[in-house]
Amino acid sequence: MLTTEATRGTSMTKATEETDAYVLNLPSEIMGNIMQCLVPPNGIISTFPVDIFASSLVCRAWYQEAKRIFSCNVAIFPPRNLARCCDAQRLAQLLADSKPLGFKFIKFIKVVNIDLTLVYDSDITMSEFQQLMNGIKIILSLKPTHLQHLIVNMNNEFLYYDSLYTRFALDLLRQVTGDCGTISKLSLNGCRIRAPSPFEDIFAILCRKVKTLSSTHMKIFRTFDHYTELEVIRLLMVDVWPLYQIANKWSKLRSFIYVNDGSRKLQALFYTLGVRCRNLSFLSITSMKSNASQASSESIVFLLRNCSKIRTLTFCNINTVDDSVLEESLKLPALQSAYFGQCKISGETFGVENKRIWPSLLKLDIRKCPLLSSTFISNVITKCNKLREIKLPMHLESDEHVMRLMQVQDFTVERDKWVRSHGLMNWPR
């Protein structure tokens, strides 16, 4: 009886060993397909893929397959899918311990998210918050060579309340300024009042070579004077007054997106952009307040006249965007996409019969421009050689002449827009 049990146990051990050996020796393409099942259905890994990292530590062959998946995605630390804060510290330490063994996954971390608002989460203690931040500290101490994007989320109470949380965060941000010189994109969110001097001093030297700045619900402070390499700026509900003084240093700016509450005057800013930012190719100005008078039409015309490389243009809820601005935009040689929303444009104050208008335009959205004339739209349809997509306001959708012209020019309706698949057709004069 004992012999039978021993024989059975030996057989099970051998079967397990054979199964393990079989799994470890799977062809790389099959192993790759198995690991691909750990990737989200959309094929994009938006956070640090813990399961794939764990699989990579099994053997060298699995590491090679995991590295291939990592290299195609952007890894964010700390992962959003971690159940506990302590797991971030453990994962970071595992990354550090695996580095001497040749497992260099640290180079795939391209985004670090420092969320200081978590201290106000009732479910997180000081100890857990420190564990989470310690995980970030470990990652930064490894000096990730491919780190590109730093996200810092704050709030007013956190900055001004002198506590262990605040001092811990200051220490962490100081480490960022010393270890991470590769960051080219910076996102600052959540501080609606001017930051105290210790934070200002850190932000003054943080990522001075940053090229992309995104900020939401922030009060811009003096430290932004140091960012002279900016190429892309996105500001959402940000108090940046007087922004034009800072804009004097944006000679390399290519993209400017500004969503504001409509309370600030932007006239000086537009004049500054027109003088300093001649390479601007993407311009978007949106007011959250209807019919905001934030700048004179003359200042907007000046901006468009001097920034002839603009390819994408958006004006929304700016009531000084009138026919003079529209006429100046028609001359932009590189403009490919234009959106005018709740603007006072009609196209009736100037003729376009013998003019070349929007020579490069591909997309036009004028759905929220109730004053536009059918004559102007008719000229746009027949004279914009490259126009492929147009969204019309309601009153023109019922205009028989415009609708007949759309059909003759081979435009067809697709959902809420008119689309043309090929070039301009000959239209009898």
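So the values come out like this:
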| read-out | value |
| --- | --- |
| Theoretical FRET efficiency, 1/(1+(r/R0)^6), r = Cβ-Cβ of Glu298 and Leu57, R0 51 Å, to 0.05 | 0.20 |
| Long-range HN-HN contacts of Ala75 with modeled amide H, under 5 Å | Lys110, Val111 |
| Computed lengthening from Ile151 to Met403, 0.36 nm per intervening residue step minus Cα-Cα distance | 85.9 nm |
| Distance between modelled label sites at Asp261 and Ser346, nm, 7 Å Cα→Cβ extension | 3.4 nm |
| Local electrostatic count at Ser251 - Lys and Arg +1, Asp and Glu -1, tallied over other residues with Cβ under 12 Å | +3 |
| Which of Met218, Met237 has the fewest Cβ neighbours within 10 Å, and the rest in rising order | Met237, Met218 |
| Charge tally in the Cβ shell below 14 Å around Ser287, where Lys, Arg are +1 and Asp, Glu are -1, Ser287 excluded | +4 |
| Gained length - His217 relative to Arg174, 0.36 nm times residue gap less alpha-carbon distance | 13.2 nm |
| Extension gain, Met288 back to Ser374 (0.36 nm per residue minus Cα-Cα distance, nm) | 28.1 nm |
| Neighbour net charge for Ser299 - beta-carbon separation under 12 angstrom, K R +1, D E -1 | 0 |
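Values in this text are rule-based calculations from the coordinates and carry no lab data. A quick note: this is a predicted structure, and the numbers were derived from the prediction, not measured. We place every Cβ from the backbone using ideal geometry, glycine too, and count neighbours over all the protein chains shown.
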